[in-house]
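Each remark here refers to the structure printed beneath this line.
Laboratory data are not the source of any read-out in this text; all were calculated from the coordinates shown. Everything quoted here is computed from the prediction, not taken from an experiment. We place every Cβ from the backbone using ideal geometry, glycine too, and count neighbours over all the protein chains shown.
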Protein chains: 4
Amino acid sequence: MAVQVGILGATGAVGQRFIQLLDDHPTFEIAALTASESSAGKTYREAAKWRVETQIPDDVAEMEVGATTPDDVSDDVDLLFSSLPSSVAEEVEPQFLEEGYVISSNSSNDRMADDVPLTIPEINADHLGLIEVQRDNRGWDGALIKNPNCSTITMVPTLAALDQFGLERVDVTTLQAVSGAGYSGVTSMEIIDNAIPHIGGEEPKMETESRKLLGGFDGSELSMHDSTVNASCNRIPTLDGHLESVFVDLAEEPSPEEAREAMRAFPGVDLPSAPDQLIHVFGDDEPERPQPRLDRSRADGMQISAGGVQSTSSGLKYNCLAHNTIRGAAGASLLNGELLVEEGWI
Amino acid sequence: MAVQVGILGATGAVGQRFIQLLDDHPTFEIAALTASESSAGKTYREAAKWRVETQIPDDVAEMEVGATTPDDVSDDVDLLFSSLPSSVAEEVEPQFLEEGYVISSNSSNDRMADDVPLTIPEINADHLGLIEVQRDNRGWDGALIKNPNCSTITMVPTLAALDQFGLERVDVTTLQAVSGAGYSGVTSMEIIDNAIPHIGGEEPKMETESRKLLGGFDGSELSMHDSTVNASCNRIPTLDGHLESVFVDLAEEPSPEEAREAMRAFPGVDLPSAPDQLIHVFGDDEPERPQPRLDRSRADGMQISAGGVQSTSSGLKYNCLAHNTIRGAAGASLLNGELLVEEGWI
Amino acid sequence: MAVQVGILGATGAVGQRFIQLLDDHPTFEIAALTASESSAGKTYREAAKWRVETQIPDDVAEMEVGATTPDDVSDDVDLLFSSLPSSVAEEVEPQFLEEGYVISSNSSNDRMADDVPLTIPEINADHLGLIEVQRDNRGWDGALIKNPNCSTITMVPTLAALDQFGLERVDVTTLQAVSGAGYSGVTSMEIIDNAIPHIGGEEPKMETESRKLLGGFDGSELSMHDSTVNASCNRIPTLDGHLESVFVDLAEEPSPEEAREAMRAFPGVDLPSAPDQLIHVFGDDEPERPQPRLDRSRADGMQISAGGVQSTSSGLKYNCLAHNTIRGAAGASLLNGELLVEEGWI
Amino acid sequence: MAVQVGILGATGAVGQRFIQLLDDHPTFEIAALTASESSAGKTYREAAKWRVETQIPDDVAEMEVGATTPDDVSDDVDLLFSSLPSSVAEEVEPQFLEEGYVISSNSSNDRMADDVPLTIPEINADHLGLIEVQRDNRGWDGALIKNPNCSTITMVPTLAALDQFGLERVDVTTLQAVSGAGYSGVTSMEIIDNAIPHIGGEEPKMETESRKLLGGFDGSELSMHDSTVNASCNRIPTLDGHLESVFVDLAEEPSPEEAREAMRAFPGVDLPSAPDQLIHVFGDDEPERPQPRLDRSRADGMQISAGGVQSTSSGLKYNCLAHNTIRGAAGASLLNGELLVEEGWI
């Protein structure tokens, strides 16, 4: 039986990726699309300025877009995906949660709340237990689950794989694609022949979300991972795919090959949109990989890539990459939605 | 009286920058241009495919290009600038040195040799004393002085400014412009909508050259600076200007403002091509600076920029930037040439 | 004696070019800067997000910005430059004209009005006679003079030079830089690895303005040039510099060399910001020129370039190029301002 | 039964597209791969620097690459695709033809020969009759069929559709992607923030090939189409997808809607790799389409797009677009190969 899903904020950059990823999904069926008041009542084709490389699915194109309020979403909808601006989500998500909806949200609000699971299925599926705590705390019938920021999710799988060697410190520098800022976020005059060494709010997100994702859950409370993360975030003239240079200090001294093997061996999950292997690792015969354009679409944009692993005096350095609007946004929420179904929360 | 200078490898990307920078120089006068055998005998206009934004100076355009051998360079030439490929320089520079020429070289060969000064005038002018050692060792009448790699020179002034707080460790990630690889070094298909997380040989250069530049000289021997440098080098779709994200561990704990002040106060030198202030520092009201396109041309491309200074648990993080083919290559050699004249070596 | 000038709309992309070009101008002195209501009362440094590669002049940075109304501009101002959005200019320019100000405007409103001179000094300085007609018609003490659209001005000098051979028809395709749309006009996601075959309103502007510029003036009335202009306008991922491919049908059959000679010989004007030679022409030994990045800055961005001249069965084909925000916008208005002074209108 | 095919020049940019397109082809099976002498004996994975966004098919990766001589290609191969540099093809293709191989070639040599079919299946499949003439003339057992240049093929389908209105003259300007020049054809320093108004040999190709494609064949001899084609070719910073601005003079005066309808109605062919509809036409509600990045991949890169159709005084103007390395190169040869099979030549 198909799960009826809705998309809150369906016309934006991440919203369009949701549409694209849900086309031909084995179990999810789009039943509701919402956007701002001004789009309500239009067909999706009229409301969205479609800019994804694949064509807009015909049935979605003719669906009517509603306003982003519970009144405009049918009760038959089992699961909502949210890619609202965080300032809007902050206000609107609780309205849906009170009505009993389950939301898998990409919006950045509440990610660090004590009773909100911030989840990557392959990393910390057990954090879903927090939903009970959340319901107790907030009196919601629904449930709110968040995925991390695109720059966080690019790096955390590799850190999780290396944590067996005692992760102590991370110095990470990002080279982020313009799509991370939405369709109008970065103007062409800002970025052609240029780079911008600042993305508002991004560095604190990486520094805190990483430690929550890698932290423990004892059934009632979360603990942050006991490491230090320092992040420096840059925007570069790339469309999709965040590339990150990572320096890690480790308690033990694995060789580069042992580190690569740990990444390759990191277990995946059995969910419809999950890649067979979570991390594709390039050996030292391909030091110039991963590259955004060549590697962002591995496993339909859901696989992390890593490469350039080398030893330093206190640990390792390497590069990692993910498709920021797929694995780092719409695909991350989608996978969390699949996990919610799998674990019986829906 | 004008100093007669020659340029070895005058037709390449860095060679063209030499021509541009020497146009209207107060004391240097171009008296010789060399290139590969196949260009010998042509005018410079014919031999060089001129691609700098300013027009080729008329008198240089009509000069005859010689082969890169001492026979093709007049004895009246007092100083040679070299931007030869290192494999060529390795073979040819010694021929000129034996003939008594003084060379200020941008080529990477011999940079780490014990008896070759690797110099940035504002940082370690005293290393020029090594020339005596060099002459003793090698029996040359001439002298060889090197400037560091473009990615090294972007960062070292900021490290020198912060060393008063006890520099212990550096984790640096570069976002380097394509011009650093020469005119044909990076194809358009490699870099449009992309980034490349590897530049052959670049990381070891940064890791060793930095410590030589910051090291001491006791009048007869160099010592390397007692710190660790870990570098991760990336190519991005920018024409000129290397941007670098730096994490430094310091023995003391300066505030970001103290660090900025230390950079601003770092002394310059009184040489014709030197900027009045070595490092332009952006405050925390302009976190999105420095940017390659907006800041690479400060002080005609000879000034370093820094910004985004913030505290971390073990020190600081910040960004720095320099024009890689001016301050990082041709301008670096030129400034070393001016220093050689100032200090009486020519 | 310095002429006191004001800039209406001083904080935008073209406004910033005005500031840059007026720095060190021999006869013009900036005495007033206006912007939108929300910027009024701020210093220029605060009001403008300065993005030109050269640094903001210190004295201008500290000037107070006024609102764009006659009340906020001193009576001592002799000449106003306008780079307002056309919808604003439409409303505001008449207010200044009634108060007696002389305006050299880059805004597109009123360009095709029968009694408004649309002028390029080298092409149709005699059209300034229309000011008398304008004053009679409108009862203004002031005077309004317009310069053409950036894509028009790139092509018209070459057409003017070829008109001696009987210009009959023009099919022109443009490759326009993103700066023509202002700082936020083209997003990075729209244009990286892409091109856009449409610029709203641009084609009719080229098709009509060209014929007005090349038309005659009998002392009381203008006549449009008797030719057909068909334009197709495209946006490409270039920062500055519009490149255009032109096919012209001519009554006579000049050889490519005769056409090049006609362009080279086209007379310039003796005004402070005018280039010595209006059109720089590349011969058939440099078929790959002009190029935006290499040629847009000729004569400080005020010179037109042309190249690739070849015969077709009905005339010629060639390419031309101009710096769109200098020769095509701020520099065009500035030159018209200099012409107004030279001809005694101020 | 599968047709055994070989690829001459399998490691280059177009060669890699052949591999990609032949993966999972319903009737063709790769049986031979050739490259230069230096690659012979290596596996394809070793010999090719794979740069297509999809991953290299596993079975192809392990195939041994041969030298480009008949000796290195098995007799079981029924059909060869050639993407050799034209200087190599000129010498090597006849060797294979003498041995009886049938070649569908993308190389530019011999395209305009009187007895070589230059074919787009949807446009002039009947020209295949020339193979008989070719065999008579040259004494070959094999057969040579060519597809046109990528910039030609982008435009010709639209011209063919409009020819019913009496095509008289074409003025076309191209905005071509860098991939058209091969992996190393355009350096990043040449094209970032730039455009190049010249592509060697491209304009004559468009001007002559178009008229051959649109010409007649009476069973023994070809006649060129009776129209004039003037082309101006430009390179822009786009990876894939040639965009072209076309002005056509027509004997009749169709409305834009009639022209669009003629393009939409132009018949396709029933071959495995052919799109259902040859030309996708955008209406005047989407004037900013087609765009290279958004439209190059329609029908897996095999569909032409057109838009922006407007009337001019002597006909029409419009834009068209095709994926230059798929529909304009590898896909064009592949489709011709499918036509050869369909028509019984193999």
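Report, for residue B:204, each distance to the same residue's label point in the other copies, shortest first and in nm; define the point 7 Å along Cα→Cβ.
4.3, 5.0, 6.6
Take the alpha carbon gyration tensor of the stretch B:264-304, find the square roots of its eigenvalues, order them as a ≥ b ≥ c, and report rounded if a/c is under 1.5; if not, report prolate when a/b exceeds b/c, else oblate. All intermediate terms of the calculation are to be shown ahead of the outcome.
Working: a/c = 4.54, a/b = 1.53, b/c = 2.96.
Since a/c reaches 1.5 but b/c is at least a/b, the shape of the stretch B:264-304 is classed as oblate.
Quick one: net charge of residue A:136's neighbours, Cβ under 14 Å, K/R +1, D/E -1? Intermediate values should be presented prior to the final figure.
Numbers: positive: A:135, A:138; negative: A:114, A:115, A:132, A:141, A:221.
For residues surrounding residue A:136, the net value is -3.
Once you average over the residues of A:67-78, how many Cβ atoms of partner chains fall within 10 Å of each Cβ?
Values: counts 0, 0, 0, 0, 0, 0, 0, 0, 0, 0, 0, 0.
Mean partner-chain Cβ count within 10 Å for A:67-78: 0.
Label residue D:220 and residue B:51 with points 7 Å out from Cα along Cα→Cβ: what is the distance between them in nm?
Placing both labels 7 Å along Cα→Cβ, they lie 5.5 nm apart.
Between the stretch B:202-254 and the stretch B:25-50, how far is it from one alpha carbon centroid to the other, in angstrom?
Their Cα centres are 34 Å away from one another.
Once the Cα atoms of the protein assembly as shown are picked out, what are the Rg and Dmax in Å?
Final numbers for Rg and Dmax: 32.8, 91 Å.
Using only Cα atoms, tell me the angle between helix B:256-265 and the longest principal axis of chain B; keep it within 0 to 90° and round to the nearest 10.
Roughly 30 degrees between the two axes.
If packing is taken as the mean number of other Cβ atoms within 10 Å per residue, what is the order of B:12-23, B:200-211, highest first?
So the order, starting with the most tightly packed, is B:12-23, B:200-211.
Rounded, prolate or oblate, given the Cα gyration tensor of the stretch B:150-324, with a/c below 1.5 counting as rounded? Walk me through the intermediate numbers first.
Values: a/c = 1.45, a/b = 1.32, b/c = 1.10.
Taking the square roots of the gyration eigenvalues as a ≥ b ≥ c, the stretch B:150-324 is rounded.
Along the charge dipole of chain D, Cβ charges K/R +1 and D/E -1, which of D:68, D:214, D:307 sits furthest on the positive end?
D:307
P(r) for chain C: what percent of alpha-carbon pairs falls in each 20 Å bin, starting at zero?
32, 58, 9, 0
Kindly provide the helix-only [θ] at 222 nm of chain C, computed as the sum of -39,500 (n - 2.57) over DSSP H runs of four or more divided by all residues, to the nearest 500 deg cm²/dmol? Intermediate values should be presented prior to the final figure.
Details: 12 runs with 99 residues, N = 346.
Result for chain C: -8000 deg cm²/dmol, rounded to the nearest 500.
Can you name the residue in chain D whose Cβ lies closest to the D-to-A rotation axis, and give that gap in whole Å?
Whole-Å result, nearest residue of chain D to the axis: D:193, 2.
Using a label position 7 Å from Cα in the Cα→Cβ direction, what is the ascending list of nm distances from residue C:286 to the same site in the other copies?
3.5, 4.2, 4.4
What is the order of C:64, B:288, fewest Cβ neighbours within 10 Å to most? List each step's numbers first, then the result.
Working: C:64 14, B:288 17.
Neighbour counts put them in this order, fewest first: C:64, B:288.
Work out the mean other chain Cβ neighbour count within 10 Å for the residues of B:224-231 and drop it here as an integer. Walk me through the numbers before you get to the answer.
Working: counts 0, 0, 0, 0, 3, 2, 10, 4.
What the average comes to for B:224-231 is 2.
Between residue A:27 and residue A:76, take the C-beta separation as r, use R0 = 25 Å, and let me know the FRET efficiency to the nearest 0.05. Walk me through the intermediate numbers first.
On the way: r = 15 Å, r/R0 = 0.60.
Efficiency at R0 = 25 Å is approximately 0.95.
What whole-number distance in Å separates the alpha-carbon centres of the stretch B:278-322 and the stretch B:103-159?
The two parts, judged by their Cα centres, are 26 Å apart.
Calculate the spin-label point distance for residue A:314 paired with residue A:88, positioning each point 7 Å from the Cα along the beta-carbon direction, and give it in nanometres.
4.3
Could you check the simple spin-label distance between residue C:228 and residue A:164, using points 7 Å along Cα→Cβ, in nm with one decimal?
7.5
For A:291-302, what's the mean count of beta carbons from other chains sitting within 10 Å of each residue's beta carbon? Don't jump to the answer; show the numbers that get you there.
Working: counts 9, 6, 11, 9, 3, 3, 3, 3, 1, 0, 0, 0.
Mean partner shielding for this stretch: 4.
Dipole magnitude of the protein assembly as shown about its Cα centre, charges +1 at Lys/Arg Cβ and -1 at Asp/Glu Cβ only, in debye to the nearest 20?
Dipole size: approximately 0 debye.
Would the stretch B:46-137 count as rounded, prolate or oblate if I go by the C-alpha gyration tensor, calling it rounded below 1.5 in a/c and otherwise prolate when a/b exceeds b/c, oblate otherwise?
On the way: a/c = 2.10, a/b = 1.61, b/c = 1.31.
Prolate, because a/c is 1.5 or more and a/b exceeds b/c.
Considering the convex hull of the alpha carbon atoms of the stretch D:102-207, report its projected area averaged over all viewing directions, in nm², one decimal.
Details: hull surface 34.0 nm².
Convex hull of Cα atoms, orientation-averaged projection: 8.5 nm².
Rounded to the nearest 5, what % of DSSP beta bridges with both residues in chain A are antiparallel?
Numbers: 25 of 56 bridges.
The answer is about 45 percent antiparallel.
What does the charge count around residue C:233 come to, taking other residues whose C-beta lies under 12 Å from its C-beta (Lys +1, Arg +1, Asp -1, Glu -1)? Show your work: numbers first, answer last.
Details: positive: C:205, C:235, D:317; negative: C:202, C:203, C:207, C:244, D:288.
Overall, the nearby charge balance is -2.
Got the residue A:114 label distances to the other copies yet, label 7 Å along Cα→Cβ, in nm, shortest first?
6.3, 7.9, 9.2
How much net charge surrounds residue D:188 when only other residues with a Cβ under 11 Å from its Cβ are counted (Lys, Arg +1; Asp, Glu -1)? It would help to have the intermediate numbers written out before the result.
Details: positive: B:235; negative: A:193, B:190, D:190, D:193.
Neighbourhood net charge equals -3.
Say the dipole of the stretch A:150-323 comes from +1 at the beta carbon of Lys and Arg and -1 at that of Asp and Glu; which of A:237, A:172, A:158 then lies farthest toward its positive end?
Value computed over the given set: A:237.
So which lysines pass the test for residue C:49, namely a Cα distance under 18 Å, with those fewer than 8 places away in the same chain ruled out?
Within the straight-line cut-off, residue C:49 pairs with nothing.
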